[in-house]
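Trainee: Here's a structure for you.
The values are calculated or read from the model by the stated rules, or taken from the named source; none is laboratory data. In this text the structure is predicted, and so the values were computed from the model without any measurement. Every residue, glycine among them, receives a Cβ derived from its backbone with ideal geometry; neighbour counts consider all protein chains shown.
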Amino acid sequence: MLSLIWGSSFILIKRSLVGYTPLQVGGLRIIFASALLFVFGYKSLKTLSKTDWKWVGIAGLCSSFFPPFFFALAQTEISSGITSILNSVAPLFTTLVGLALFGLSLKRRQVLGVLIGLLGTVVLIAAGMENNVNQNYWYALFIIFAALGYAFNINIIKKYLSHLTPLAVTTASFGVAFFPALIILICTGLFQQFTGDSAMHEAIWYIMALAFLGTALANILFNKLIKLSSPVFAASVTYLIPLVAVLWGFLDGENISVLQLLGGLIILLGVWLVNRKKVIVL
């Protein structure tokens, strides 16, 4: 379910950018999602202690505030399908962050998996720069930073916030992101532009779908998955996201080369090695 929802988010971002700037798309996504979550989850905020709020503040900035802006900025220069494939480095980063800062142990094959995954990312970016000269692949760094933010968020929730309900964690995280996002929206002049812009009127429906389904609902489900499983397993939801997103991109007229698909497969191979619990002996 998460893969279907998040895999469809990339095409929704693409359609939203027709009427709005990247900062407006990211800001509205946060504002709408926060409003919906507060309606259903405001009572759950009472369960958070002062210590919980400290970790929620960090996790909220890493996962709920910066990534919505980063993805929108990236898709001004990179296709939605390629963006989704780049996002599949999240499990690799989750492992590295967990190893460095949260006491996770790493086996030899997992180190190999991390290196293979990073190699796939380089292949994907290089292929994109060669085959799509009109796309600025420096914007891939926004996806890398977003994936790194998700890695910190997952490890923080698993280690420090797993005693809270997924609704409480999600509502609090977006509560942290709400006011900074609102300030950014005001600074973009959105409210003055909206009245007479027909493109904005049409694109607002894509942003609402992105906020309610791809952000609020998806984050509740994802935080539930983190609570039920390991951090790296939860991050592995990105296995299937590219398949959904690339299909949407293809239906929308995007082109993806064989070499780019190879880069995506290399990334998934690296993630598979990192997550595999047993080594096949031939």
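Trainee: Which one of these does Ile144 not meet: (1) in a helix (DSSP H, G or I); (2) modelled with pLDDT under 85?
Mentor: Ile144 satisfies every listed condition except (2).
Trainee: Further, regarding this structure: Any idea how many residues of the stretch 39-90 are aromatic (Phe, Trp, Tyr) and farther than 27 Å from Tyr20 by Cα? Give the steps one after another, and end with the answer.
Mentor: Going residue by residue through the stretch 39-90, those that are aromatic (Phe, Trp, Tyr) are 40, 42, 53, 55, 65-66, 69-71.
With the extra rule that they be farther than 27 Å from Tyr20 by Cα, the set shrinks to 40, 42, 53, 55.
Matching residues across the stretch 39-90 total 4.
Trainee: A further question on this structure: If you scan the stretch 58-116, which residues turn out to be in contact with an Asp or Glu (Cβ under 6 Å, 6 or more places away or on another chain) and polar (S, T, N, Q)?
Mentor: Here is the first cut: in the stretch 58-116, the residues in contact with an Asp or Glu (Cβ under 6 Å, 6 or more places away or on another chain) are 79, 81.
Ser79, the sole residue that qualifies.
Trainee: State which residue is surrounded by the fewest Cβ atoms within 10 Å (Cβ to Cβ) when the search covers only the stretch 86-102 and only residues that are more than 13 Å from the chain's Cα centre (by Cα) and among the β-branched types (Val, Ile, Thr).
Mentor: Checked the stretch 86-102; the qualifying residue surrounded by the fewest Cβ atoms within 10 Å (Cβ to Cβ) is Val97.
Trainee: Considering only residues that are under 16 Å from the mean Cα position of the chain (by Cα) and more than 21 Å from Val122 (Cβ to Cβ), look in the stretch 241-260 and name the one that is modelled with the lowest pLDDT.
Mentor: By that ranking, first place goes to Leu243.
Trainee: Go through the residues of the stretch 77-85 one by one and say whether even a single one is buried (at least 23 other Cβ atoms within 10 Å of the Cβ), modelled with pLDDT under 75 and hydroxyl-bearing (Ser, Thr, Tyr).
Mentor: no
Trainee: Right, something else. Any idea which residue in the stretch 28-76 is nearest to Phe212 (Cα to Cα), counting only those that are of a type in the set (D, E, K, R) and crowded, with 18+ Cβ neighbours inside 10 Å?
Mentor: Arg29
Trainee: For the structure I just gave you, tell me whether Ala126 is at pLDDT below 80, outside any loop (DSSP other than H, G, I, E, B) and either under 12 Å from the mean Cα position of the chain (by Cα) or surrounded by fewer than 18 Cβ atoms within 10 Å (Cβ to Cβ) (or both).
Mentor: For Ala126, the condition - at pLDDT below 80, outside any loop (DSSP other than H, G, I, E, B) and either under 12 Å from the mean Cα position of the chain (by Cα) or surrounded by fewer than 18 Cβ atoms within 10 Å (Cβ to Cβ) (or both) - is met.
Trainee: Pick from the stretch 18-27 the residues that are crowded, with 19+ Cβ neighbours inside 10 Å and in contact (Cβ under 8 Å) with a residue 60 or more places away in the chain: which of them is farthest from Phe179 (Cα to Cα)? Quick ask: steps written out before the conclusion?
Mentor: As a first pass, look at the stretch 18-27 and keep what is crowded, with 19+ Cβ neighbours inside 10 Å: 19-20, 22, 24-27.
With in contact (Cβ under 8 Å) with a residue 60 or more places away in the chain added as a condition, the list becomes 19-20, 24-27.
On the way: Gly19: 23, Tyr20: 20, Gln24: 14, Val25: 15, Gly26: 13, Gly27: 10 Å.
The extreme case among them is Gly19.
Trainee: Counting only residues that are farther than 25 Å from Lys159 by Cα and either of a type in the set (S, T, N, Q) or modelled with pLDDT under 95 (or both), give me the helices (runs of 4 or more DSSP H) lying completely in the stretch 1-62 with at least 1 of them.
Mentor: In the stretch 1-62, the matching helices (runs of 4 or more DSSP H) lie at 2-16, 22-41.
Trainee: Condition check: under 24 Å from Thr121 (Cα atoms), under 19 Å from the mean Cα position of the chain (by Cα), at pLDDT below 90 and aliphatic (A, V, I, L, M). Does Leu225 satisfy that?
Mentor: no
Trainee: Restricting attention to helices (runs of 4 or more DSSP H) lying wholly within the stretch 160-243, give those where 3 or more residues are in contact (Cβ under 8 Å) with a residue 60 or more places away in the chain and out of contact with any Cys (no Cβ under 8 Å at 6 or more places or on another chain).
Mentor: Ranges flagged: 166-188, 198-211, 218-228, 231-235.
Trainee: Of the residues Phe179, Phe152, which single one is surrounded by fewer than 14 Cβ atoms within 10 Å (Cβ to Cβ) and at pLDDT 90 or above?
Mentor: Only one candidate passes the filter, namely Phe179.
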